[in-house]
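First the structure, in the form of structure tokens, and then the observations on it.
Bear in mind that the values in this text are calculations on the coordinates, not laboratory data. Remember, it's a predicted structure, so these values are computed and weren't measured experimentally. Virtual Cβ from ideal backbone geometry, glycine too; neighbours counted across all protein chains shown.
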Amino acid sequence: MRAALPAIAQPRINKFLAEFSPVYILHVEDFDISLIRMAYRFENVTGKLRLNEQEFLAIESVDVSVAWRELIEGKIHTDIEVSEMKLTGDPTVLTASTSKEAAPVEDAKQVKDNLFPLRVTRLVLRHSSIEIGDVVGLGEEKKLVLNEVEARVNNLTPEREMSQTFFTIQGAILGSAILKVTGKAEMNRKPRAWDMDIEMHDFNLVEANPILKRMVPFTFTSGKMDLFGEIKSENDEMVGYLKPFLHNADIIDSREHFKNGKQFLYEIGGALGNFLLQRDKEKTTATKINFKRKNGKLDYSLGEVLGSAIEHKTAKPFTPQIDDSLSIE
Amino acid sequence: MRIKIQIAVIVALVAFTACSSTPETATKIVAVNNSQPKASIEAKQVAAEQEASKVTEIKFDEGQAALTEAARVNLDKLMGQAVPSDRVEEVIVLSWADQEYPSVNTKKLSKAQQQLAKDRSKNIADYLKKLNQKASVKTHNMAARPNALSNLIKTKDARLKKSLEVAGIPNSDNTNGKAPSKAGHAMVMVIMKEE
């Protein structure tokens with residue numbers, strides 16, 4: 001029976017995965033069941049766009065097992081462990097997933113209901129990576145890459161009596177900077193509420209030049225950035241702050257060949273601003289950007305950002321950690 | 001010339017703010033200012049893994065196990081948020097000595113340091129019991145690593161300490177500077193019962 005079940009189930013699973021979405025096609029290479037462990041496992045899962053068969057997802061294995069600790073309390077719940085997932089995003093994938101036909105939330109719900117029918121109490125992601133490119137066909141060095149991703153979501157499908165979902169994500173950006181994200185969400189509340197804390201350490205600005213060049217009109221010749229922030233979304237309003245810290249940052253390179261006068265002006269301006277606002281002893285330039293987003297409109301005050309930078313330079317320096325000031329009720 | 005300087009300053013700001021927006025309408029978030037540490041992201045990561053919705057950190061004076069007034073205020077605030085009080089399922093306390101968590105090589109700190117961390121946990125637990133008599137308080141000593149058996153059977157103590165290591169807390173061999181020092185600190189997390 002153990003040997004026969006996968007052979008019967010796998011074609012059905014793949015038929016469902018090939019047809020469930022007008023935008024995506026998923027495929028499972030292998031499917032196995034472990035009766036002793038009360039678990040089943042998908043191996044070599046791939047996801048492609050229906051439009052052009054572009055692969056955006058590859059997963060080595062998805063292991064679904066009964067959560068034994070819950071079984072002791074008489075509840076049949078499951079734990080899911082996803083290993084070596086590679087998610088690749090670019091404008092084609094983004095356009096497809098935001099198209100009229102796409103319904104990512106409903107699609108995800110369909111997959112969850114069909115492949116993981118029991119309540120999921122824990123989702124663990126191991127040894128995974130995420131690559132994002134803002135232009136189609138970019139080389140790997142020009143993409144924003146988050147690798148060594150380890151993530152965990154507790155109480156993914158909450159029941160009424162235990163309403164909060166908790167998540168943590170940790171990974172390395174561009175191979176060196178450490179990114180940590182943690183937070184909680186009220187998935188059953190309408191509208192959904194969530195909060196999130198973010199810390200990033202040692203983001204190498206020089207190594208990031210190929211990416212940053214498309215965002216800011218100058219190149220960094222030295223320096224690293226740390227980033228601290230908190231965001232909260234409640235009652236359809238998002239509030240938060242980001243605290244970037246630049247360490248030993250420098251913009252102007254004497255060997256730099258400026259594309260035009262405008263870029264030269266930007267680089268001079270950037271270097272001057274950094275020079276004027278850098279705290280002498282610690283060689284850090286920092287500010288705090290408070291923001292609010294409501295009805296699709298993002299608000300923040302440039303004056304306040306400048307004031308914060310001057311405060312860091314001339315008064316008490318900002319503490320390089322989250323303020324622990326935002327949390328959903 | 002004046003215009004050029006203005007542009008330069010704005011561009012400098014853009015270098016670390018990345019974009020611009022409508023002025024003077026943002027919500028100002030005022031940080032609470034006291035002498036106690038804020039809950040670090042490492043504390044929040046471990047709290048999320050334990051499904052603890054409330055977490056705080058407190059700091060002890062060097063060599064002392066007694067709670068400072070500011071530490072009491074932090075604990076009052078934490079337990080004040082954990083309402084209704086009869087829904088508090090468990091309070092987890094992790095106390096450090098005056099040195100960082102021992103590395104794999106160090107295994108445990110001196111007996112005096114272990115006792116200091118233990119006394120700190122006890123004082124926190126006693127104070128929490130005053131605030132909520134029914135609360136179950138579990139303490140963990142961050143002056144010693146879990147033993148081999150704890151690691152093998154993955155006790156809660158071993159899992160908590162492993163989670164903190166993965167989150168990147170400094171240890172006695174590696175004060176990496178990427179995560180703030182935890183020496184002299186304690187983390188307190190509150191797990192609420194299901195309704």
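Applying the selection to region B:145-165, what residues are assigned to a helix (DSSP H, G or I) and within 19 Å of the chain's Cα centre (by Cα)?
Passing the criteria: B:K156, B:D157, B:A158, B:R159, B:L160, B:K161, B:K162, B:S163, B:L164, B:E165.
Would you pick out the residues in region A:277-294 that are hydroxyl-bearing (S, T, Y) and either facing chain B (nearest Cβ under 7 Å) or not in a strand (DSSP E or B) (or both)?
A:T285, A:T287
Answer with yes or no whether A:E230 is surrounded by fewer than 21 Cβ atoms within 10 Å (Cβ to Cβ), in contact with a Leu (Cβ under 9 Å, 6 or more places away or on another chain) and over 27 Å from A:E81 (Cα atoms).
no
A:R119 is checked against (1) more than 14 Å from every other protein chain (Cβ to nearest Cβ); (2) under 28 Å from A:V23 (Cα atoms) and fails just one. What number does that condition carry?
Going through the list (1) more than 14 Å from every other protein chain (Cβ to nearest Cβ); (2) under 28 Å from A:V23 (Cα atoms), A:R119 breaks only (1).
Within region B:142-163, can one find any residue that is over 30 Å from A:H247 (Cβ atoms), among the basic types (K, R), touching a Ser or Thr at 6+ places or on another chain (Cβ under 8 Å) and in contact (Cβ under 8 Å) with a residue 60 or more places away in the chain?
No: region B:142-163 contains no residue that is over 30 Å from A:H247 (Cβ atoms), among the basic types (K, R), touching a Ser or Thr at 6+ places or on another chain (Cβ under 8 Å) and in contact (Cβ under 8 Å) with a residue 60 or more places away in the chain.
Any idea which of (1) more than 22 Å from B:I169 (Cα to Cα); (2) within 14 Å of chain B (Cβ to nearest Cβ); (3) small (G, A, S) is the one A:A151 doesn't satisfy?
Against the list (1) more than 22 Å from B:I169 (Cα to Cα); (2) within 14 Å of chain B (Cβ to nearest Cβ); (3) small (G, A, S), A:A151 comes up short only on (1).
Taking the condition of being facing another protein chain (nearest Cβ under 10 Å) and either under 26 Å from the mean Cα position of the chain (by Cα) or hydroxyl-bearing (S, T, Y) (or both), how many residues in region A:295-307 meet it?
Number of matching residues: 6.
Quick one: count up the residues across region B:179-192 that are within 9 Å of another protein chain (Cβ to nearest Cβ) and part of a loop (DSSP other than H, G, I, E, B).
2
Consider B:A97 against the criteria (1) of a type outside the set (S, T, Y); (2) outside any strand (DSSP E or B); (3) surrounded by 15 or more Cβ atoms within 10 Å (Cβ to Cβ); (4) more than 15 Å from the chain's Cα centre (by Cα): it satisfies all of them except one. Which criterion is unmet?
With respect to (1) of a type outside the set (S, T, Y); (2) outside any strand (DSSP E or B); (3) surrounded by 15 or more Cβ atoms within 10 Å (Cβ to Cβ); (4) more than 15 Å from the chain's Cα centre (by Cα), B:A97 is out only on (4).
Looking at A:K180 and the list (1) of a type outside the set (A, V, I, L, M, F, W, C); (2) in a strand (DSSP E or B); (3) in contact with a Ser or Thr (Cβ under 9 Å, 6 or more places away or on another chain); (4) more than 10 Å from chain B (Cβ to nearest Cβ), which single condition is not satisfied?
(4)
Does any residue in region A:214-235 that is farther than 22 Å from A:A185 by Cβ come within less than 6 Å, Cβ to Cβ, of a residue that is in a strand (DSSP E or B) and of a type in the set (G, A, S) six or more places away or on a different chain, and which pairs are these?
What qualifies is A:G223/A:A249.
Give the residues of region A:196-224 that are surrounded by 21 or more Cβ atoms within 10 Å (Cβ to Cβ), within 8 Å of chain B (Cβ to nearest Cβ) and not charged (D, E, K, R), sorted by residue number.
A:H201, A:F218 - these are the residues of region A:196-224 that are surrounded by 21 or more Cβ atoms within 10 Å (Cβ to Cβ), within 8 Å of chain B (Cβ to nearest Cβ) and not charged (D, E, K, R).
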